[in-house]
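Before any comments, here is the structure.
The values are calculated or read from the model by the stated rules, or taken from the named source; none is laboratory data. Given the structure is predicted, the values throughout are model-derived calculations rather than measurements. Here Cβ is always computed from backbone atoms with ideal geometry, including for glycine, and neighbour counts include all displayed protein chains.
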Amino acid sequence: MKLGFPSPEFDDAVAAVCHGSATEAEMQALNELLRSDSRARDEYLMQVELHARLASNTEFFACAAVGNTAFPEPEIQPNLEHKDAIPNNLTTLPSRRIVAKALALAACIGLLAAGIWKLWFWKNGDKAGITSTAVAVLSRVVDVQWGPGGKLFREGSALEPGWLQLESGLAQVIFYSGARVVIEGPAKFRLVTQNEADCPTGRLLVEVPPPAQGFRLKTENIEVVDRGTRFAIHATHSRTEVHVFNGKVEVGSKTIPKQILHEGEAAVVAGNTPPQRMAAMAAAFSSLFDFQERSLAYEALRYEQWQVANAILNQDPSLLVHLEFQELNDGNWTLRNSAEHNRSVEDATIVGCQRAEGRWREKQALEFHTVNDRVRLMIPGEFDALTISVWVCVKGLDRKLNSLVMCDGFEPCTIHWLIRNDGVLGLTVFGTNAGNLQIAATPPVLTLDRLGTWLHLVVVLDGRSRQVIHYVNGTPVGRETLKIGPPYRLGSAELGNWNAKSGPNPAPNLIRNLSGAMDEFELFNRALTDAEVSELYVKGRPN
């Protein structure tokens, strides 16, 4: 006999122990469960305690037998002149000791009822919380053109069961089982489970480590089952080639008997004809074998293009601050302002933060983990319009409010730009008078699939046209009429955190540190257009 927790069988076993009717099998199963599960031990102790209280409080039950209620109402005597006057039926009232015991027992029963309700709700109610049906991640891409009408995927995206359609280029998919698949376009590839995929057409290189052994790949002709190996597939609608470079695979279909291909062997299957064996040809899949090298070369090229574009951008007279997050080391606690025409804004100061890899291997970033991590800025002046642009990789929305860029405290004419824990981007604009503020919020845009990926976030505060516009990856995601006019200012401000200016121990809801990384920040003293924001995104996107 084996007991689970929580379960009706567990409750029955505990009840049997309390009543002395438990069998030896029940006792043994209960002992095994209690030794291994702390939650079961807590529940067992509570139920035994409740049983002991119910069994020992005989006065309570005697009291309950008097009249129709355990606590009969006393007769109210009219014209009582003395405060110590005693009602006639005092003898029918329970003693204070009994009342106290009864109240304690009622509390115990209430706790047990609450526990039972919670258990029922846990079993039968909706399971609240974030869920995901993803089975893989798109780890890297090189010159990818996605198929027309198909979904566009970003590097780092979690992939749910469904189709990937590539017109050209290379994409690497890592299944949660551990299997790695490099796909070369044109190709149609369907993710089925964490350990299964379909490829009607395309060229693939599959690498399966021991934990993913048994990975299945189907084409229109055959099914290939990995037995711990590296193999390649070239599939068309009428023909499939399988080349084994390490280990072995099992090949077959409903009409073709299963066969084993070993290292160095290949087979061609056309229609329902038996496989035609030949030698494996690695040279035919050289572009797939060279994926890592091509990926690194492509990254280096994109990084160089970003540097060239930044050299041009830094000459923009409206650029107040440009932090490129370069030349970071443990001994350097400043971020250089690269904007050439606005030297009134000094370099930023790093407080805490860990050095990390940015959008490219050559690019650096700062990780924000704790309530101490932040970047301090001092930006003098007042402005009629502002545009703030950041590249961030949000790892989690740990706080109710997660800071991007926030001015110290709640000073007049300043701003707070942040992410709510439901994925909403929000900009708070404070007016000149105390209590006068406006919050411009987007719909939830930082969804689960965007956590852990590099995102370009922009907010435009335009005092002239009186609007606030939020952008994600170059696309507007929220426009709102601005009711608070200029001037706007920043003064003392922080990236990735907030100085609440409320004493040494701010309330928990005032802790707003970011959980993630940042590797570029730009501040303009004008409102950028949709086209200019899109150009910023194209300049900085990783691929």
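Structural remarks
- Top-ranked residue in the range 283-320 [being outside any helix (DSSP H, G or I) and in contact with an Asp or Glu (Cβ under 7 Å, 6 or more places away or on another chain); ranked as surrounded by the fewest Cβ atoms within 10 Å (Cβ to Cβ)]: GLN315
- Evaluation of ALA493 against (1) crowded, with 16+ Cβ neighbours inside 10 Å; (2) among the small types (Gly, Ala, Ser); (3) at pLDDT below 95; (4) part of a loop (DSSP other than H, G, I, E, B) (one fails), failing number: (4)
- Exactly one residue among TYR471, TYR488 is touching a residue at least 12 places away in the same chain (Cβ under 8 Å), in contact with a helix residue (DSSP H, G or I) (Cβ under 8 Å, 6 or more places away or on another chain) and crowded, with 20+ Cβ neighbours inside 10 Å, and that residue is TYR471.
- Applying a threshold of 9 Å to beta carbon distances and a minimum spacing of six or more residues, or different chains, the list of pairs starting in the range 244-272 at a residue that is not assigned by TED's automatic domain parsing to the domain that holds ARG230 and in a strand (DSSP E or B) and ending at one that is modelled with pLDDT of 90 or more and aromatic (Phe, Trp, Tyr) is empty.
One line per residue, one yes/no per condition, for (1) assigned to a loop (DSSP other than H, G, I, E, B); (2) charged (D, E, K, R):
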{"site": "TRP417", "(1), (2)": "no, no"}
{"site": "LEU427", "(1), (2)": "no, no"}
{"site": "LEU446", "(1), (2)": "yes, no"}
{"site": "ARG464", "(1), (2)": "yes, yes"}
{"site": "HIS470", "(1), (2)": "no, no"}
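- Residues of the range 126-152 satisfying the condition of being modelled with pLDDT of 80 or more, in a loop (DSSP other than H, G, I, E, B) and surrounded by fewer than 19 Cβ atoms within 10 Å (Cβ to Cβ): THR133, ALA134, GLY147, PRO148
- Test: residue in the range 342-349 that is under 30 Å from GLY185 (Cα atoms) and at pLDDT 85 or above: no
- Test: residue in the range 416-434 that is more than 29 Å from VAL538 (Cβ to Cβ), of a type in the set (A, V, I, L, M), assigned by TED's automatic domain parsing to the domain that holds GLY516 and modelled with pLDDT under 95: yes
- Filter pass, ALA356 being touching a His at 6+ places or on another chain (Cβ under 6 Å) and at pLDDT below 95: no
- Some residue of the range 445-455 being touching a strand residue (DSSP E or B) at 6+ places or on another chain (Cβ under 7 Å), hydrophobic (A, V, I, L, M, F, W, C) and within 14 Å of VAL533 (Cβ to Cβ): yes
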